């Protein structure tokens, strides 16, 4: 019987994603840098605060974040741990509705405003169509999350970013899946005067064949697609009932399992 391991798309074993909050006008410069080096990320927006202060305009959301993910951050950025469920429902659903009208696709991810969350909120969000939510803080690690509703990053960009990048680039043991997740606020680069930091990071880590550059939601969708694969009891074949391909390592060979297809795994 074959030995089977999950891979990321095209047989990769590493994935990189970024996550930035609030929709500050500095996102324009950050997106330009990410696009230049082929990195991709998720931008968590408060739709009720667009067109105010230093926030981007609603009119530019679709074009600015093309190729990235727009995600929820609640309508007005309250400390939701202190809010009743009725207010949380309104804040999340209204944010989703407004953002979906701007981008033209379903908004299914989120980051907690002010880093505020608890078990009550974690249990509530899936009923509101939210499939993951990022918390604040840094793990310093490159493992996959155990709980999509309390997804912690590897690091904030001001927390040893280049050091973490070097470690990530050097990771080579293909028996593991590695995730590097960077978060922050784009206005912090203006405040700290360190735009060169993200430039150096992108230049060092971009354009690599062994890294999948993905949005937060793409990672969640991919892992959920893997969970739906239907393997024969003897692992000789697998059926993929989802719409997207999933990649496997089968006795060291990279095998694509296309959506809606059954693939023989043994004896190839």
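Going by alpha carbons, how many degrees (0 to 90, nearest 10) lie between the helix axis of 85-103 and the longest principal axis of the chain? It works out to around 80 degrees. Rounded to the nearest 10 degrees, the inclination of helix 195-205 to the longest alpha-carbon principal axis of the chain is 10 degrees.
Between 235, 253, 191, the Gaussian network model of the chain with springs among Cα atoms under 10 angstrom shows the greatest mean-square fluctuation at 191. Annotation: the range 1-132 has a Kirkwood hydrodynamic radius of 15.9 angstrom, from the mean reciprocal C-alpha pair distance.
Restricting the calculation to Cα atoms, the range 1-57 shows an Rg/Rh of 1.24 when the hydrodynamic-style radius is the Kirkwood one.
Relative to its residue count, the range 149-225 spans a Cα convex hull of 114 Å³ per residue.
Cβ crowding within 10 Å ranks 196, 138, 19 as 196, 138, 19, fewest other Cβ atoms first.
Across the chain, Cα-Cα pairs more than 35 Å apart make up 19 percent of the total.
Sorted on the mean count of surrounding Cβ atoms within 10 Å across their residues, most packed first, peptides 243-249, 120-126, 147-153 read 147-153, 243-249, 120-126. Relative to the longest principal axis of the Cα atoms of the chain, the long axis of helix 216-227 makes an angle of roughly 30 degrees.
Residue ranges 106-117, 4-15 sort as 106-117, 4-15 when ordered by packing (mean number of other C-beta atoms within 10 Å per residue, highest first).
None of the figures in this text is laboratory data; all of them are computed from the coordinates on show. On a predicted model such as this, the values are computed, not experimentally measured, just so you know. So basically every Cβ, Gly included, is an ideal-geometry build from the backbone, and we count neighbours across all protein chains shown.
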